[in-house]
Structures are given as structure tokens and as C-alpha cells.
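A.B. asks: The structure's right below; bear with me while I get my questions together.
Read-outs: derived from the displayed coordinates by stated rules, not from any lab. Just so it is clear, the model here is predicted, and its values are computed rather than measured. Note that each Cβ is placed from the backbone with ideal geometry, even for glycine, and that neighbours are counted across all protein chains shown.
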Amino acid sequence: MEKIKSSLPWFLSFLTLVLLVILGSGLTGCKGTGTSASAAAAGSGGGPNPDPSPTPDPGPTPDPAPVTGTASLSWSAPTQNADGSSLSDLNGYYVYYGTKPGIYTTQVDVGKVTAHDVDQLTAGTYYFTVTAYDTSSNESDFSNEVSKAVQ
């Protein structure tokens, strides 16, 4: 089979991906502050008040839940092979991503869809690219790279 063309307009605009990060609400924690007060014991006979009981230590405040985000990716399907012939055996797409430009540590086979959500992304900057593959397992070059910061 022929290699899928990687420099055709579908790949040039391919990852002019619609890339959105949707952050959930209520994912940041907040630490409460409290005050304690003690009431003096009312004694008969005007004697000294006993020492108030010590306030128990509540322990460490738990860390807030980590912020997570979702990157929603979408792209246009290719229509031609590298030689310009009609692409008739497109079989799917791989989404690649990582936390350094050009270094993709995760590959996801998303099948024959033109949109995919990458979720459970913790705080940081992520870099994404997509490839197409055909029924003979020929894979295109990477699309242009896009990035998104999750805070």
C-alpha cells in the first residue's frame, strides 16, 4: 500500500486542531481556618477557674485534589495518499502526546474518528500530534504539533 501523504492540506490544517481544555469545577482545595474559644467555668466561691482543656490537634490539612483537565482534539480526515491518488483504505488515527515538545510518551489508537478527548491530564503543558494509518498499517508523518497548558 502507499504511504499516506503527510504534507497535503488535510495535514497542514489537520492539527489546527480544535484544542480545548475543559477544567472541572471544584477541583481546587481550600484550607479552612478556625478559631477556638474557651469559656471560663463558673465556680462557686469565687475561686480560680480551672485550666481550660487543650484544643485537640486536628492533624494535617489534606492536600487539595489535583487539578485535572481534558484536551478535546478534532481534525479533518485525509482524502489522498502521498502520491496524490485517492485514499480509499484509511483505517484510523493515532493521537500522540507528552509533556515535552516533539517527545510523545503516550500513543492512543482512537480508531476511525476525527475527534478525541484526552482526559485526566494533571497540571502541566501537553503537546499533541496525530497520524493517520491505512489498512496495511502504513502510517503518515506527524501532523503539526499543538500544545495546551492545564493549570
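A.B. asks: R0 = 41 Å: FRET efficiency of Thr79 with Thr125, Cβ-based, nearest 0.05?
C.D. replies: 0.80
A.B. asks: According to a simple spin-label model (label point 7 Å from Cα along Cα-to-Cβ), what is the distance in nm between Gln107 and Ser86?
C.D. replies: 3.0 nm
A.B. asks: So, counting K/R as plus one and D/E as minus one, what does the shell of residues with Cβ under 15 Å around Gly102 add up to?
C.D. replies: Here the count lands on -1.
A.B. asks: Per the Kirkwood definition applied to all pairs of different Cα atoms, how many angstroms is the hydrodynamic radius of segment 66-151?
C.D. replies: 13.7 Å
A.B. asks: Around Phe128, under 11 Å between beta carbons, what's the net of Lys plus Arg minus Asp minus Glu among the other residues?
C.D. replies: 0
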